[in-house]
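The values are calculated or read from the model by the stated rules, or taken from the named source; none is laboratory data. Everything numeric in this text was worked out from a predicted model, so none of it was measured. Neighbour counts run over all protein chains shown; Cβ positions are idealised from the backbone, glycine included. Heads up: the accessible areas ignore ligands, DNA and RNA and are worked out on the full protein's heavy atoms, side chains in. Shrake-Rupley method; radii C 1.70, N 1.55, O 1.52, S 1.80 Å.
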Amino acid sequence: MVRLYTNDLNIGYGERLIVKDLNIEIPDKKITTIIGPNGCGKSTLLKAITRIISQQSGTVFLDGMDISKENTKILAKKMAILPQTPESASGLTVGELVSYGRFPFQKGFGRLTKRDYEIIDWALEVTGTIDYKFRSVDALSGGQRQRVWIAMALAQETEMIFLDEPTTYLDMAHQLEVLELLQKLNVEQERTIVMVLHDLNQAARFADYIIALKDGEIVKAGSCEEVINRDVLKKVFHIDAEIGRDPRTGKPMCITYNLLKGENKNEKTIDTFHSLATANA
């Protein structure tokens, strides 16, 4: 089943087009990861399909409706997004930050109801952050802080959660902690998870569906087996990858890789510098 999809989506900044004629479908109740080199349009795409930025042309559809015409509060009840660099929560306690997720449901003077407080505590319990409820967000570690931001997204009670590089700046243990939490939310609560990841093996391990982008266009979209292979990675990243199998999950994984000679701009620059240095020696 597909609830969210795009039709001929073009996104850019000024005259520069970042995403071109993009047609994607996001599988419902699955984990989708978006991969690709820096500057290929991953974050831009995520912002457009959550209406943080406007597209130049084309349409994003959710439940058959053009999201550009959807009421903001109604849309906020359907999708939550955790950006790459969340806004500062300086001075707030964990409970106060998570309570912001209840904004779409507030009426009148915006006072929290008994139901709101129940949802806030539930979100804190699910993410393992209930013990931090009265602590300052500033006092938490990076991994703890990331789980609190996810708790805020959960407090919105949306069926779809979008995350832009949720493991950035986290150590290996905290990266795994966050990704396992998202997987748990998907499996146990059937949340649709869409996230941008840089680590190919994390993408393969946790995703049901992968979209590989390059220069704002889809190179390949499909299962982990269809995307994490030598041909696709060569086109997307200009690498010669050795692909094996994760002994614990059975999914494909990148064991090692080399840059493809003559196809990497940095390598060409190094070769040119070496030639000049030799000539001047």
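One line per residue, one yes/no per condition, for (1) small (G, A, S); (2) farther than 26 Å from Q146 by Cα; (3) crowded, with 16+ Cβ neighbours inside 10 Å:
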site: G12; (1), (2), (3): yes, yes, yes
site: K30; (1), (2), (3): no, no, yes
site: G41; (1), (2), (3): yes, no, yes
site: N71; (1), (2), (3): no, yes, no
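Restricting attention to region 134-184 and to residues that are in a loop (DSSP other than H, G, I, E, B) and within 14 Å of the chain's Cα centre (by Cα), the residue that is nearest to Y100 (Cα to Cα) turns out to be P166. From the list A207, A155, A151, A203, the one residue that fits, being open to solvent by less than 10 Å² (accessible area, probe 1.4 Å), in contact (Cβ under 8 Å) with a residue 40 or more places away in the chain, under 29 Å from S136 (Cβ atoms) and out of contact with any Gly (no Cβ under 6 Å at 6 or more places or on another chain), is A151.
Checking each residue of region 191-200 against the condition of being surrounded by fewer than 22 Cβ atoms within 10 Å (Cβ to Cβ), of a type in the set (K, R) and free of Cβ contacts under 8 Å to residues at least 24 places away in the same chain gives no match.
For region 254-270, the criterion of being within 25 Å of E25 (Cα to Cα), open to solvent by less than 60 Å² (accessible area, probe 1.4 Å) and either of a type in the set (V, I, T) or at pLDDT 95 or above (or both) is met by none of the residues. Summed over region 44-60, residues that are of a type outside the set (A, V, I, L, M) and surrounded by fewer than 18 Cβ atoms within 10 Å (Cβ to Cβ) total 5. E118 falls short on exactly one of the conditions (1) at pLDDT below 90; (2) outside any loop (DSSP other than H, G, I, E, B), and that condition is (1). Restricting attention to region 222-234, does a residue exist that is surrounded by fewer than 22 Cβ atoms within 10 Å (Cβ to Cβ), assigned to a strand (DSSP E or B) and touching a residue at least 40 places away in the same chain (Cβ under 8 Å)? No, region 222-234 contains no residue that is surrounded by fewer than 22 Cβ atoms within 10 Å (Cβ to Cβ), assigned to a strand (DSSP E or B) and touching a residue at least 40 places away in the same chain (Cβ under 8 Å). In region 185-221, the residue that is farthest from the chain's Cα centre (by Cα) out of those that are hydrophobic (A, V, I, L, M, F, W, C) and in a loop (DSSP other than H, G, I, E, B) is A207.
Within region 82-99, the set of residues being open to solvent by 50 Å² or more (accessible area, probe 1.4 Å) and modelled with pLDDT of 90 or more comprises E96 only. Within region 177-190, the set of residues being of a type outside the set (D, E) and either open to solvent by 70 Å² or more (accessible area, probe 1.4 Å) or within 23 Å of K47 (Cα to Cα) (or both) comprises V178, L179, L181, L182, Q183, K184, L185, N186, V187. Residue count for region 1-22 satisfying the condition of being free of Cβ contacts under 8 Å to residues at least 60 places away in the same chain and out of contact with any Leu (no Cβ under 8 Å at 6 or more places or on another chain): 9.
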